[in-house]
Each structure stands twice: as C-alpha cells, then as structure tokens.
Amino acid sequence: MLWAMAGVAVLGFLIMLEIAARRYGMPGPIANQAREVLFAPKSGPLLYAGMALMMVVLSWRQRLIAAGAAIGIDVAFSLVRWAIDAQVTEGHSFGNGALWVILGYAVIAVTRRTGRERVLLLKGVGLGLLLVSGRKTGDTWLLITSKTRPAVLDQYVATADHALGNPSWLVGRIVKATGPIGAHVLDYVYIQLAVAAVIVALYQLRNVAVERRFPGHHLVRTFLVIGLVGPAIYMIFPVVGPIFAYGADGGHWAAANLWPDTPPPINTPHKMPFDEITPRNCMPSLHTAWATAIFLHSRKGPWILRFAGAFWLIATLGATLGFGYHYGVDLVTGVVFALTIESALRSLDRGWDRSGIQLVTHGAAVFAALLMSYRYLPMEMAEHPLVSGPLLILAMTSVVHGYVRTTKVWEPKAAPARHPEPQPELV
C-alpha cells in the first residue's frame, strides 16, 4: 500500500510538472522520457545506470539476458539511423535499448509475475525509472526557475562569499591554469555524478536478488529526495552563479565581467534582473549535496569504494567552484542540506526518536540560518571575514559533528563472541 501511494504521488507530481512545462511551450519530463523510446537519448550512460539498478532484483542469468537484449536493441537502432542517415546531433547514440528493457520488465511484472515476486520486480523497475526520470524532472524544474524568477540574488551571495575569501575565483584560476586535461577530468566527474551514485547503490543492493527484499535505507532514496526538495529552495533563493552573474557567459545581463580574475568589490547588494534561459540552480549546491551523500554511503564499502567516494566529493567541489557554477557559501549550505536529508531518511527508516528529531531539527535550523544570513547580513559578513568565515565553517561543522556522533550510536553493536565455559576434567 505504501509503495502504491508513493507511486501515485510521484505520477501526480510528474503530471503537474508536465502541465507547468507546457504552459511555457516546452515538453515536460513525461514527454521527454517518452521521446527517448525512439529518439536519441540525452544521456545513454544514465539509462544504462537505471537498467543496472533495475537488475538488482534479477538472477545472474536474467541479468545477462537483459544486458544482451539492451545492447542488441541499441545496435539495431544504430543500424536504422545509419540506413536512414539520421545524425545524432545531441545526446548519445545509445541508451534506447536500456529503456526498452526496463519497460519490458514492467510488462513482465504485470503479466507474468504474481504476489511478492511481482512487487519486487516492480520495485526494481520503479527504482530504475525514478533515476532516469529524476534527470528529466530536474531539467523541467530548472526551466521553471528561469521563467518564474526574473530577478536573482547573486550580488547578495557574492558579497557574503567574501567571508570565505571568494573560493570560486581562486579555484577558477587554478582550474584555468591546469589547462584542458584538468578541466576535462572535472567536467566528466561533474556530469557523471549519477553514474557514481549508481555504483555505490549497486554495492548496497548487491544482496537484493538473494534476500528478495530491499534494505530499509540506501543511497538512491537520499539521491532522489535531494533532487526533489532542492529545486524548491531554488525558487526561494534564486541564484545563477558567478560564471553568469560575474562572467562572460552572462552576456549583457552580468553585473560585470570579473570571474575568475578579479573578485567583485564589496558594495551594497541588490536584486538584479537576468534572462529567462539560465537556471537559478545554485542555492544550495545540489551537486555538493549529492557528492556528500555518495561519500557517506561509500564509507561501509571496500577500500576502493571509499576511495572513489572521497575522490568524487573532492573533484565535485573543485568542479562546482572551478567552473564558476557555484559560490563557496553554496557548498557550505549543500553539505548541511545533504546531512539533514540523510538524517531525516535514516530516522524514518529506524523510527523517530529524540536523537533523530534533534539531529534533523538542528540541521534544518542551521540551513535556515545560513540562508537568512546570506540574504540579510551579507555586508556584515564581507566586512568582518575573520569572524563570519569561521562562524560559517563552525555552523557546518556542528551539523557534521552531530551527524557523526548520533549515527554512531545508531549503528548496531556487534555481539560479543561466546567462549565455551571450562568443563571439569575427569581425574
């Protein structure tokens, strides 16, 4: 019943976004996803990642058949495109096969499975579709932010960012100095964040096919909730980022062409109008939040997974700052946002108690305080960086410390090894 209610809620949300996008003359998430059944998908790796998530409920034989079918369908699509000379101008030339396999297993679940096996297979299909649909939902959200928020608050955030020493300008110059190699590595990490999440999730869900059930909490839940809740904050606190507000990419809408060479001067900030194309997707940094979630969920894996989680977090932070997509204070807020979401989902899974309520309340309070300070105290923060900068880091650290301390108590204690009692010997 709970899964059915969640499915209806998700479908209703997608329909609402579809209607909202149509009002602005653009296709919504449902139309964009349906289009990829036949046309070149925007992200082939993401579709295969979604299929991989779906396959956690299958046996190894079924996985091999599914993967072979997906590759075969993609080869057939490529041959048809070659025969009719249909060039793939954007997106990827593969991925349709993965989507067909996911949809095919949805049909199999309804027509060929019953009882718990049907429910388990539908959960797997739903997990895969949620991952790929989440990308489409995010694109629609970004369209809505650009159309409904004509003014942005970049001047406020850029002024507050003086408290941290304008890290976007510093890292931007470092990335520029590394040349194309460093930029390509960071760009790949930034774009393929969802694929990294799937790798960690596959490790967490590796026993689903054997146990015939999903664990109570895993990375995909946190990943999807971050993507669902985060854009609502975009609407409250619209920011486009330094490369647009203070760089050449902003064109005549930019306040000045300063990024990444010259930090902006400390002046009284004001709202500034911006175009109806650039997404207002900076506050908080969801890439930072997602990378933080990947880091947290990779901690219980083998060393290579822990290393990958740490690398992806560091590289994502470098990319968000170095490409001018975010200010430093965006990243601070993104970490607090991720830990608060993760705490809420873990509390929901294990049952709410005093420690869980306190942890989530503390994270939400710090998150709100950060947003309020960026909006109403940016001049004070910029004029007193030796005070405001450490306070920002201390506020974030308090949430990190609270999360680590509380979740450590939540971890199940290992049962002590039982030693046989000494028996009397016969003399």
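Observations
- The calculated FRET efficiency for the pair GLU276 and ALA365, based on their C-beta separation and a Förster distance of 41 Å, comes to about 0.75.
- Surface composition of region 130-179: carbon and sulfur make up 64 percent of the accessible area, probe 1.4 Å.
- Per-pair calculated FRET efficiency, R0 = 22 Å: VAL400 and ARG354 via Cβ, rounded to 0.05: 0.65
- Direction-averaged projected area, Cα convex hull, region 257-296: 4.9 nm², rounded to one decimal.
- Ordered from highest to lowest accessible area with the whole protein assembly present and a 1.4 Å probe, LEU130, LEU11, LEU46 read as LEU11, LEU130, LEU46.
- For peptides 236-244, 261-269, 173-181, sequence by mean Cβ density within 10 Å, most packed first: 236-244, 261-269, 173-181
- Other-chain or far-sequence residues with amide H under 5 Å of VAL152's (modelled H): MET272, PHE274
- Separation between Cα centres of region 1-65 and region 228-276, rounded to whole Å: 32
- ILE84 paired with ILE236, simple spin-label distance in nm, labels 7 Å along Cα-to-beta-carbon: 4.7
- Under the simplified labelling scheme, the THR268-ARG22 pair shows an inter-label distance of 4.7 nm, with each label point 7 Å from Cα along Cα→Cβ.
- Per-q log10 I(q)/I(0), region 104-182, q = 0.16, 0.20 Å⁻¹ (Debye; single scatterer per alpha-carbon; no solvent): -0.83, -0.96
- Label corresponding to Kirkwood radius over Cα pairs in Å when calculated from the structure given, among (1) 23.5; (2) 21.5; (3) 22.7: (1)
- Lys pairs under 27 Å by Cα in the chain, provided they are eight or more residues apart or on distinct chains: 9
- Packing-based ranking of 341-348, 213-220 yields 341-348, 213-220, ordered from highest to lowest mean Cβ neighbour count within 10 Å.
- Taking label points 7 Å from Cα along the Cα-to-Cβ direction, VAL110 and SER93 give a separation of 3.4 nm.
The values are calculated or read from the model by the stated rules, or taken from the named source; none is laboratory data. Here the structure is a predicted model, which is why all the values come from computation and not from measurement. Virtual Cβ from ideal backbone geometry, glycine too; neighbours counted across all protein chains shown. Just the protein is used for accessible areas: all its heavy atoms, side chains included, with ligands, DNA and RNA removed. Shrake-Rupley method; radii C 1.70, N 1.55, O 1.52, S 1.80 Å.
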